[in-house]
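Single-structure report; data block below.
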Amino acid sequence: MAIGLQSLSDNSFFTHLATGRVIVDTGHIPRSDIYTFTAQGTDWVVQSWLASALYGAVDDLAGSDGVRLLMGLLTAGVFLVVWRLTKPAKGLIVRVAIAAVCLGIGASQWSQRPLLFGLLFLGLTVLAAQGAFDPRWLVPVGWLWVNTHGSFPLGLVYLVVVLVGRRLDRDLSEVESRCLRWLLVGVLLGAVNPLGPELLLFPVELLQKQDVLRHVIEWQAPAFRSVGERLFLLEALVAVVALVRRPRYRHGLVLGVFLAAALLGSRNITVASIVLVPLLADAWADVGGIRSDVRDRMASLVGAVGVVAVLGVTVVQLGEPGYSIEGYPTMALDHLEDHHVELAEVRLAAPDVVGNLLELRDGPGRRVFYDDRFDMFPERLTDDVLDLVRGRPEARAALARHRIDLVLWERDQPLATILGGDPEWRLLFDEDDDWVLLCRIGANIGGDLGSC
């Protein structure tokens, strides 16, 4: 709960929430870009439209605290599914250890994005494959998954991999095949939505844009610098030992496929951390003297204390600010607002995270240069942004091509240094330790600032 209840700070979530507000206010899902002056009108598939609509509805009803409570319930739900997946391990200490490692990974990876829905539905799919509930429930799971996050193919991949493993193990269980059939029905029914079957094709079309995705950190191979990534290495190592201890084709195939996916893209680490839980629990099913399935007279008291603890954490966390925008260039943006500079009329170039913040703050309008909807933007525009990010010689031409008059950039990045020494640009705001705001000399900035 504490992980999900943190102040809202994820830049990608900002756009999801802003879009949800638009859906709630207008009753329609945008079909083309509504935020940027560089790609206004470009076709846009709001793949996570249902998640955005839910964010917008909760925000309209209960504000940021309501949205944070929703996130808290989602992260708690994901962890409860993980805990249930550890059930084959009867020893309490073993179950706690497996779940704790998975939680440690999630503490830095379960971000405030629609991916949380995807992780919850993936966990439920794995649970269904363990025979925990009637596979027919995967029909609504599949529909919801398609309409909240583009990770739904992972559920089908998991079930296919486990099904093949079962056959190699000569296990005649039909649970996985039933799960696969019902989840496939739910996924296909997911095409019945306001956007139509485009949602089913979205993951395939996204993967075809490798030239763009290879520049996105979460799509790159993990560097294993963070605690969560290193905990995943520990989980993977223990999984290999578990497979040696109790060899099963179904576990070996899952380990091979999803470990490979995690090593190719850091965004897959959380997925792999969940699907490996059954392997770990099965390998140490008979280890431990303290049994997790035994209850004594203290159980009710411990449960009551747990409920009080959850309520206490919720109250404390909700006492924190609703949004945390530390690290964003709020001082420079406030400077422009204080001087009545209208960004819908003067063009500001800024990194994608600033675009996401502007969308949350100002809503639709031609104010944003670029944001992190990398799949939507024309390839030429993305190339221009990369020129700016890397401080290439082509950066000046890119700024001229898009008629940029203001640049808000991180102080320690090459572009800030280049423009700082360019006689065609001058410093407009320099009171932020991390960001600089520059304007093109002679440009009409408007508001109280007039001409640069």
Could you tell me whether the stretch 103-110 includes any residue that is hydroxyl-bearing (Ser, Thr, Tyr), modelled with pLDDT of 95 or more and within 18 Å of VAL78 (Cβ to Cβ)? no
Condition broken by PRO393, with the remaining ones in (1) farther than 21 Å from VAL216 by Cβ; (2) at pLDDT 95 or above; (3) open to solvent by 50 Å² or more (accessible area, probe 1.4 Å) satisfied: (2)
What pairs can you find where one residue is in the stretch 5-17 and modelled with pLDDT of 95 or more, the other is buried (at least 22 other Cβ atoms within 10 Å of the Cβ) and among the hydrophobic types (A, V, I, L, M, F, W, C), and their Cβ atoms are less than 6 Å apart, with a gap of 6+ or different chains? PHE14/LEU357
Conditions (1) open to solvent by less than 20 Å² (accessible area, probe 1.4 Å); (2) in contact (Cβ under 8 Å) with a residue 24 or more places away in the chain -> ASP384 fails only (2)
Taking interchain pairs and intrachain pairs at least six residues apart, which have beta carbon atoms under 8 angstrom, with the first residue in the stretch 287-305 and surrounded by fewer than 10 Cβ atoms within 10 Å (Cβ to Cβ) and the second not in a loop (DSSP other than H, G, I, E, B)? GLY289/GLY91
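Return a yes/no flag: does the stretch 137-156 have any residue that is β-branched (Val, Ile, Thr), open to solvent by 70 Å² or more (accessible area, probe 1.4 Å) and touching a Pro at 6+ places or on another chain (Cβ under 9 Å).
No, every residue in the stretch 137-156 fails to be β-branched (Val, Ile, Thr), open to solvent by 70 Å² or more (accessible area, probe 1.4 Å) and touching a Pro at 6+ places or on another chain (Cβ under 9 Å).
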Does the stretch 434-452 hold any residues that are open to solvent by 50 Å² or more (accessible area, probe 1.4 Å), free of Cβ contacts under 8 Å to residues at least 60 places away in the same chain and touching an Asp or Glu at 6+ places or on another chain (Cβ under 8 Å), and which are they? ARG440, ILE441
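Taking the stretch 260-270 on its own, how many of its residues are open to solvent by less than 10 Å² (accessible area, probe 1.4 Å) and either touching a Gly at 6+ places or on another chain (Cβ under 9 Å) or under 18 Å from VAL227 (Cβ atoms) (or both)? Working first, answer last.
Filtering the stretch 260-270 down to residues open to solvent by less than 10 Å² (accessible area, probe 1.4 Å) leaves 262, 265, 269-270.
So of that shortlist, the ones also either touching a Gly at 6+ places or on another chain (Cβ under 9 Å) or under 18 Å from VAL227 (Cβ atoms) (or both) come out as 262, 269-270.
So the answer is 3.
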Does at least one position in the stretch 120-129 carry a residue that is polar (S, T, N, Q), open to solvent by less than 40 Å² (accessible area, probe 1.4 Å), assigned to a helix (DSSP H, G or I) and touching a helix residue (DSSP H, G or I) at 6+ places or on another chain (Cβ under 6 Å)? yes
Hits in the stretch 7-38 - residues which are farther than 23 Å from GLY196 by Cα, under 15 Å from the mean Cα position of the chain (by Cα), crowded, with 21+ Cβ neighbours inside 10 Å and among the hydroxyl-bearing types (Ser, Thr, Tyr): none
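Would you mention how many residues in the stretch 233-250 are in a loop (DSSP other than H, G, I, E, B) and open to solvent by 80 Å² or more (accessible area, probe 1.4 Å)? Before the answer, list the steps.
Taking the stretch 233-250 first, the residues in a loop (DSSP other than H, G, I, E, B) are 246-248.
Still in the list and also open to solvent by 80 Å² or more (accessible area, probe 1.4 Å): 247-248.
Number satisfying all stated conditions: 2.
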Taking the stretch 39-58 and keeping residues assigned to a loop (DSSP other than H, G, I, E, B), farther than 18 Å from ALA350 by Cβ, in contact (Cβ under 8 Å) with a residue 40 or more places away in the chain and open to solvent by 30 Å² or more (accessible area, probe 1.4 Å) leaves THR42, VAL45
Would the stretch 273-286 turn up any residue that is farther than 19 Å from GLY118 by Cα, surrounded by fewer than 21 Cβ atoms within 10 Å (Cβ to Cβ) and touching a His at 6+ places or on another chain (Cβ under 9 Å)? yes
Search result, residues across the stretch 194-232 that are at pLDDT 90 or above, more than 18 Å from SER111 (Cα to Cα) and open to solvent by less than 30 Å² (accessible area, probe 1.4 Å): LEU195, GLY196, LEU199
For the stretch 1-20, what are the residues that are of a type outside the set (Ser, Thr, Tyr) and touching a Leu at 6+ places or on another chain (Cβ under 9 Å)? MET1, ILE3, GLY4, LEU5, LEU8, ASN11, PHE13, PHE14, LEU17, ALA18, GLY20
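The values are calculated or read from the model by the stated rules, or taken from the named source; none is laboratory data. What you see is a predicted model, and the numbers here were worked out from it, not measured in a lab. Neighbour counts run over all protein chains shown; Cβ positions are idealised from the backbone, glycine included. Areas reflect the complete protein model, heavy atoms only, side chains present, ligands, DNA and RNA absent. Shrake-Rupley method; radii C 1.70, N 1.55, O 1.52, S 1.80 Å.
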